[in-house]
Amino acid sequence: MKVANYLTAAAGLEDFSQAEVEAMLGQRLTRTRDAGAWIGFSAPGAGDFAGFELRSPGPTARFGGLLIGAFPAPLPLDALAPALAARPFLRQEMNPPPMGAAVQAPTGGRWYRLGAHELAVSFRLTEPVTATALAVHGAYP
């Protein structure tokens, strides 16, 4: 699956259910976790992605779901520019450094509007800035 196709399909997600995301990806998801508030699934990658993770709303969910497409290797952020150009930019947030970990490049997220949802481009402040994943956060029900 190409990045542009992922974004177009993810913008149309309604309930982030297993069946809906399987139809979007064209492959089966494997259940990995049941946390009560959300149910975890994963799938192998395809095209531009190394793998997919779905956190589907469970019966006590207070969020609309989360779909993550991870890249096989960090991708220069500029390579995503054409796919992000039409998306309204919302904000940029930096992540706190991990506790007790070796020194590493700072990480964060650039947030965009994606239909009724929000898209976070996870990035590392390297030279050049690189993206590691695209995370679609579902609109609240």
Binned Cα-Cα distance frequencies in the chain - 5 Å width, integer %: 2, 10, 19, 22, 20, 15, 9, 3, 0
Probe 1.4 Å, protein heavy atoms only - accessible area per residue of the range 13-73 in square angstrom: 50
Accessible area, probe 1.4 Å, largest first, for residues D34, D48: D34, D48
Around W111: net Lys/Arg minus Asp/Glu count, Cβ-Cβ under 15 Å: +2
Cα coordinate range in the range 1-57, projected on the principal axes (Å, largest first): 32, 22, 13
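Given the Cα-Cα distance of M99 and A11 and 0.36 nm per residue of separation, how much length would full extension add, in nm?
28.2 nm
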Distance cut-off 14 Å, percentage of C-alpha pairs in the range 21-87 lying past it: 64
Cα-projected label distance for A70 with A19, points at 7 Å along beta-carbon direction, nm: 2.9
With every protein chain in place, the range 1-97: carbon and sulfur % of accessible area (1.4 Å): 55
Length gained when the stretch R113-A85 is fully extended (0.36 nm per residue, less Cα-Cα span): 9.0 nm
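The values are calculated or read from the model by the stated rules, or taken from the named source; none is laboratory data. Everything quoted here is computed from the prediction, not taken from an experiment. A quick note on method: Cβ atoms are made from the backbone with ideal geometry, for glycine too, and the neighbour counts reach across all protein chains shown. Each accessible area value is taken on the protein alone, full model and side chains, heavy atoms only, with ligands, DNA and RNA left out. Shrake-Rupley method; radii C 1.70, N 1.55, O 1.52, S 1.80 Å.
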